[in-house]
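Colleague: Below you'll find the structure I mean.
Here, each number is a calculation from the coordinates, and none is a lab measurement. Treat the numbers as computed from the prediction; the structure is a model and nothing was measured. Cβ coordinates were reconstructed from backbone atoms using ideal geometry, including for glycine residues, and neighbour counts include every protein chain displayed.
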Ligand code: CRA
């Protein structure tokens, strides 16, 4: 269905038209003229001007959606790590050309305005960034969908280093204005908490339960545009902000107690105040449960009351919507929907359960048992008493069925109970999601297999058809087309521009790996990207690196299972070989070891490791014996914006988690797509990357998951590796003896003793295998042309890792929804 656009909302797509619109925005929107405008004024005016170019498509998409009522996807996620919006909007609207020209004619550099944007860091790491990639792909594939989440006033903290130690600063991303959001206070939703429940007899004589809440807050929606890539579609991301019902008590204010007058407001607004800075570990805090229920209750109410037409027959809900639960954070939506149907709409339990079981699907993102979220019955009952009752009933009915299927197997029943009894009585959110969800998926082949065979084994035996896999992906728009313009140009020149929305077509580059001229240009682009990074790090962090050195990169959250320590031990080993005279410095390949990592503020060991990386860096970067051939670069505050310059510049991608611990990883995909070679374990999506790019173009090392399981079962003793391996011993001794801490042996003692006596993630067991693989890297890199050939093949063979492919898999395997024709192109 193609409609013509509303002329009022379609801006003129010419340079003159743009300039006029931009100046209008500056005058009427910002209230300044060119002579007085600050960079921020110009950025805001530009953002609004660009926004105008997407507006008509947004309105059109919404109108069309209202008319067609096709099955939609609601992606429920506590995190959306969006990254900067300006470039993405320019790309989607296809107006970068006229904007650059228009601004130049006004004497403005587009790049200066880009820098003014504070990225919305509303996520921790992979899970939040995945959600952002998925809504991009949903829009580009023209799937009717809506993202629902929380508009945190403070996103992921800004990391700074003081003497090499991490210090967190608040992320004030809203401070200078946020031109990409549209608040709708008139569409606010009330959310209840606390209180108690009571039973009563309804008009038909049935005993029913109802909730008598104790307090409530208001959720105000903020809408964001999610443009598809040049397909005329703009979907919506709706993030909720908490407000008090009555922000201000005039009586109290007049009596002179100014603090008390705004107390309710302060209390309510705390709910959407900050993102919990945890990654892969649940933070069992009351406020976090409040956040989860808050956004889920707002989203369900919004969908049922506002998105669906007033006369919608809710028994048909499964034909109209699927709620995808991004990990367990939104799982409280399950009892909430039951409550809305049973308590508020008077449905029978059975009818409500039949619908509920069809409209939710659950993605699990972890393998770490400690990361599976549980809420104590005590807390949940206090905050959401009616939901707790509903969960108990779901559990009772489920366990009755399990007992029927496995008579006399009470142990199994206890294992499968949604309610854990030890160490305290608690609700296992992953189990609730598995019981109620129509489908459960892991995020890479190996991860899904381990979910079935280990983490959720009883459930996969009981519900064999529920479990499936969807391997993660990343959006090629942001992570190739936008962030690597030079490579994008080369690819387009070689195979046309179709790859941007059909990434499998990168395969067509394969023959060019054997074309010397293509390789030369590819290598030249890599060097250009390194130069871009060199300039950025100099300006952003005062870090000096050389564009001629190999760029070896490990960027991801700091976690012991990801094993930043393993890479650091390699760095220390090289340092030791050179300073001990074993290895002449002129035989060392010049290499920059780049790290980027935030540690959760309460994670002591992770913070120690950050301190140690910086300490090693200080020593290595200043030791004249190394002649600056080895350098450690650890820019603070790694985020999406930095990734966009770092990833295209990388030669070597470090994906070195202990096998069986990283669910998928998505950084690994971004690097391969930008022509870095991977050194990695057989873990997460590395397995699939290696299968696709081929063993000759991937540096594999380390124990496999079954080997890890065997070693752990047999009783792992890290000190035996220390005793048996002199190279390892020398590296650890450097840390222990204070080489990097001015002789002070206490500073990093916890790191050393943890590795020697505990080493939960088998760093010492994989050490030698990793060093050997790094020696292979060194040899391979010496043949620059051969390396470039492998890099080209990595790009050509990584098209599978597009989030467009992931979304198609979700559509086929889980959502059973379809793209609709865009309203216009
Ligand atoms: N920390 C996994 O650990 C995975 C992403 C996205 C994670 C990553 O391996 O790539 O999810 N898990 O699927 C997670 O957040 C709560 O669990 C992650 O980002």
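Colleague: Name the shape class, rounded, prolate or oblate, that the alpha-carbon gyration tensor gives for the range 301-371, where a ≥ b ≥ c are the square roots of its eigenvalues, rounded holds for a/c under 1.5, and otherwise prolate holds if a/b is larger than b/c and oblate otherwise.
Modeller: Cα axes put the range 301-371 in the prolate bin.
Colleague: Shape of the range 270-346 from its Cα gyration tensor (a ≥ b ≥ c, root eigenvalues): rounded if a/c is under 1.5, otherwise prolate when a/b > b/c, or oblate? Intermediate values should be presented prior to the final figure.
Modeller: Values: a/c = 2.38, a/b = 2.17, b/c = 1.10.
Because a/c hits 1.5 or more and a/b exceeds b/c, the range 270-346 counts as prolate.
Colleague: I want to make sure I understand the PRE zone here: with the label point 7 angstrom from the Cα of residue 311 toward its beta carbon, which residues in the range 61-103 have backbone N atoms less than 18 Å away?
Modeller: Only 66-70 fall inside the zone, counting backbone N under 18 Å.
Colleague: Taking a ≥ b ≥ c as the square roots of the eigenvalues of the Cα gyration tensor of the chain, is the shape rounded (a/c under 1.5), prolate (a/b larger than b/c) or oblate? Intermediate values should be presented prior to the final figure.
Modeller: On the way: a/c = 1.59, a/b = 1.21, b/c = 1.32.
Here the chain falls in the oblate category.
Colleague: Test of understanding: what is the full-extension gain from residue 165 to residue 40, defined as 0.36 nm times their sequence separation minus their Cα-Cα distance?
Modeller: Full extension from residue 165 to residue 40 adds 41.8 nm.
Colleague: Can I ask one more? Between the range 22-59 and the range 264-292, what is the separation of their alpha carbon centroids in Å?
Modeller: 34 Å
Colleague: Continuing with the same structure: Please give the peptides 494-505, 538-549 ranked by average Cβ packing (other Cβ atoms within 10 Å per residue), highest first, as a rough proxy for protection. Write out the running numbers ahead of the final one.
Modeller: Working: 494-505: 16.8, 538-549: 14.8.
Averaged packing, sorted descending, gives the order 494-505, 538-549.
Colleague: Run lengths n ≥ 4 of DSSP H only: what is the helix-derived mean residue ellipticity at 222 nm for the chain, with -39500 (n - 2.57) per run over all residues, to the nearest 500? Write out the running numbers ahead of the final one.
Modeller: On the way: 33 runs with 365 residues, N = 825.
My calculation for the chain gives -13500 deg cm²/dmol from helical runs alone.
Colleague: While we're on this one: Please rank 575, 810, fewest neighbouring Cβ atoms within 10 Å first, as an exposure proxy.
Modeller: Working: 575 23, 810 27.
The order, fewest Cβ neighbours first, is 575, 810.
Colleague: Something else about it: Most exposed first by the Cβ proxy, i.e. fewest other Cβ within 10 Å, how do 38, 272, 488 rank? Could the numbers behind the result be given before it?
Modeller: Working: 38 12, 272 25, 488 19.
In increasing order of surrounding Cβ atoms, one gets 38, 488, 272.
Colleague: Computed FRET efficiency, Cβ-Cβ of residue 67 and residue 206, R0 25 Å: what is it to the nearest 0.05?
Modeller: On the way: r = 39 Å, r/R0 = 1.56.
For residue 67 and residue 206, the calculated efficiency is 0.05.
Colleague: Another question, if that's okay. Mean separation of Cα pairs under 8 Å and 6+ residues apart, divided by the residue count of the chain: what relative contact order is that in percent? Don't jump to the answer; show the numbers that get you there.
Modeller: Working: 1512 pairs, mean separation 115.6, N = 825.
Once normalised by length, the contact order is 14 percent.
Colleague: Using Cα centres only, tell me the gap between the range 650-665 and the range 122-181 in whole Å.
Modeller: If you average the Cα positions of each part, the centres end up 22 Å apart.
Colleague: Counting DSSP beta bridges in the chain, what percent are antiparallel, to the nearest 5?
Modeller: 45 percent
Colleague: Could you order the peptides 516-528, 310-322 from most to least packed, using the average number of other C-beta atoms within 10 Å per residue? Numbers along the way, then the final one.
Modeller: Working: 516-528: 16.7, 310-322: 14.8.
Output ranking for 516-528, 310-322: 516-528, 310-322.
Colleague: Beta carbons within 10 angstrom, averaged per residue: use that to sort the peptides 435-441, 158-164, 147-153, highest first.
Modeller: Numbers: 435-441: 23.9, 158-164: 14.9, 147-153: 25.4.
Result, highest mean Cβ count within 10 Å first: 147-153, 435-441, 158-164.
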